[in-house]
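Asker: This is the structure, below, for whatever I ask next.
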Amino acid sequence: MKTNQLKVLERLGAKRVQRDKIINPEMARVLSELSFELNRQIGLLVHRSGQVESVIVGNHSQIMIPPLGSVRASGGRLRGLRLIHTHLAGEDISDEDLMDLLFLRLDLISVIKVAADGLPEKMYSAHLLPGGKDGKSWAFLPPVHPANQQDSVEDLIAAIEGELSAGRKTSLVDQKEDRAILISVTTEAKKQAEEALAELAELAKSDNITVLDTVLQRRSKVNPRLILGKGRLAEIMVTALQLDANLLIFNQELNPSQIRSITDFTDLRVIDRTQLILDIFANRAMSREGKLQVEMAQLKYMLPRLSSRDDALSRLTGGIGARGPGETKLEIDRRRINDRLTRLAKELDQVSKERYRRRAKRRKKELPVLSLVGYTNAGKSTLLNTLTNSDIIAEDKLFATLDPTSRRLRFPTEMEVIITDTVGFISKLPADLLQAFMATLEELKEADLLVHVVDVANPCYRENMAVVEQLLQQLELGDLPRMTLFNKIDLVEDRVSVVRAVGAEGFIISALEPESLRDFLIQAERVIGKAMDDKLHPQVEP
């Protein structure tokens, strides 16, 4: 087989194609003759410049396109490559050909049917159809003999690129930013699915990602390989081309094989909700402890996703003491990650001990602790700023606060407490991330009062409350004294309905309006006073 490949490369690889032709007639004849002689399909990947990028030798019925890397014509959304290959059994352009055209963003795909005498019969071509017509994502050119090509392929590709540019909606987007299509494939009810997708969009916004489009598909059963069907994936690829998207974000957690399969089909970067949250945490963590926790969570996520698919990972390592089989690059990567995780665990343990010592000093001063908990972006940081006249970062973004913040709060009766702000909770929080932030959340166990802050302006506030409650139980904090603040009442249009719905469950406030906090402060002081009195004078059972 190697001899055959060398033979083909010698005759075709060094040649150039006329820029205005799909393929030179002479090259088409040589391609057909070689394919006929070898009884194998042969393909050429040709750059817009006319340079032959790759020569592919397949079997009688198919060719396998190699990884294309980042080859792409400057300024365009298409790949900048066209594929011309032979068919030996008189078959037309196949569905697999059309999928390659779409998913690899090829400029054009052409099939040369080889006649019984080994010469080209006719050439059949297809190109992408910007905008789609009649549900089709591609269009076919009239069959033509390679020697009778009249139209300019350069003009055709320029027209396709022009149509894609005309439909572009992101002309003002900084090309350095990620431009994403959000995808959710779920078996959940429509309302739940829409709310989850809206939250994913907020997460993307928090990570400075421009959301170009959202795709929601509800199915009775999720495709275990590609999550969604090839047809739907093809539609998403057309949209990605039109909008110049470079990233797909799935709301469902993807396993390694799913990410690999979708990436192979779409040739776009693919991440899931967990990776997005990890990236937000990596960008926002400021303290040494926060950075250690995020790195640990990222490594735990990465470890099972290491793959031997990359050629570099299959090399063997030699050297003194490692002769013979040695370790593969993949095994070395795994060992290094495990070693790093061990070191991170030790560093976090040390940080946890330092935190414990600081808490011990605080306990000696007998200062009670009030901890704010709640769903992310519920307004905890804004509330802390209002109560303590502080200026910690408070943004209308998910996970604006990652590192714990503590301030002193003086009640009207001069009682002083420590008030702490913690990282917000979120539904389906990655298990590794929750585990990594256990050290931070340990502070909650020292609290004399937990204040659950709820964004009552969020239509999903009941579901968010349930998520917080579940996580508090998971952290074994369910028995601590607790108060509930229904925040952001200033953003609610129908206040009467909200008061009727939640008024008996807690205090209705706006963290931006200090006067709305008066009743809460009075009650909080009573609860903390009772908690401190119980600590000083514990009741002894008879």
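The values are calculated or read from the model by the stated rules, or taken from the named source; none is laboratory data. Here the structure is a predicted model, which means the values were calculated and not measured. Positions of Cβ are backbone-derived with ideal geometry, glycine not excepted, and every protein chain shown enters the neighbour counts.
Asker: Looking at S497, S516, which is the one that is under 27 Å from I392 (Cβ atoms) and of a type in the set (S, T, N, Q)?
Answerer: Details: S497 fails: under 27 Å from I392 (Cβ atoms).
From the options S497, S516, the qualifying one is S516.
Asker: Got at least one residue in the stretch 125-139 being at pLDDT 90 or above, assigned by TED's automatic domain parsing to the domain that holds S32 and either part of a loop (DSSP other than H, G, I, E, B) or closer than 24 Å to I271 by Cα (or both)?
Answerer: no
Asker: Of all residues in the stretch 392-413, which are of a type outside the set (K, R) and at pLDDT 75 or above?
Answerer: At the first step, the residues of the stretch 392-413 found to be of a type outside the set (K, R) are 392-396, 398-406, 409, 411-413.
Within the stretch 392-413, T405, S406, L409, F411, P412, T413 meet the criteria.
Asker: With L31, L88, L45 as the choices, which residue is within 34 Å of the chain's Cα centre (by Cα), of a type in the set (A, V, I, L, M, F, W, C) and assigned by TED's automatic domain parsing to the domain that holds D155?
Answerer: Values: L31 fails: within 34 Å of the chain's Cα centre (by Cα); L88 fails: within 34 Å of the chain's Cα centre (by Cα).
Being within 34 Å of the chain's Cα centre (by Cα), of a type in the set (A, V, I, L, M, F, W, C) and assigned by TED's automatic domain parsing to the domain that holds D155 holds for just one of L31, L88, L45, which is L45.
Asker: Additional query: Counting only residues that are among the hydroxyl-bearing types (S, T, Y) and at positive phi, give me the helices (runs of 4 or more DSSP H) lying completely in the stretch 410-511 with at least 2 of them. Walk me through how you get there before you give the answer.
Answerer: Details: elements: 431-436, 438-441, 461-474, 495-502.
Because the criterion is at least 2 residues that are among the hydroxyl-bearing types (S, T, Y) and at positive phi, no helices (runs of 4 or more DSSP H) in the stretch 410-511 meet it.
Asker: Which ones in the stretch 141-154 are free of Cβ contacts under 8 Å to residues at least 60 places away in the same chain and either of a type in the set (D, E) or touching a Phe, Trp or Tyr at 6+ places or on another chain (Cβ under 7 Å) (or both)?
Answerer: P143, D151
Asker: Select from the stretch 456-483 the residues that are surrounded by fewer than 17 Cβ atoms within 10 Å (Cβ to Cβ) and of a type in the set (S, T, N, Q) and list them in ascending order.
Answerer: Within the stretch 456-483, Q470, Q473, Q474 meet the criteria.
Asker: Does M286 count as touching an Asp or Glu at 6+ places or on another chain (Cβ under 9 Å) and modelled with pLDDT under 80? Full working, then the answer.
Answerer: Values: touching an Asp or Glu at 6+ places or on another chain (Cβ under 9 Å): yes; modelled with pLDDT under 80: yes.
So M286 fits the description; yes.
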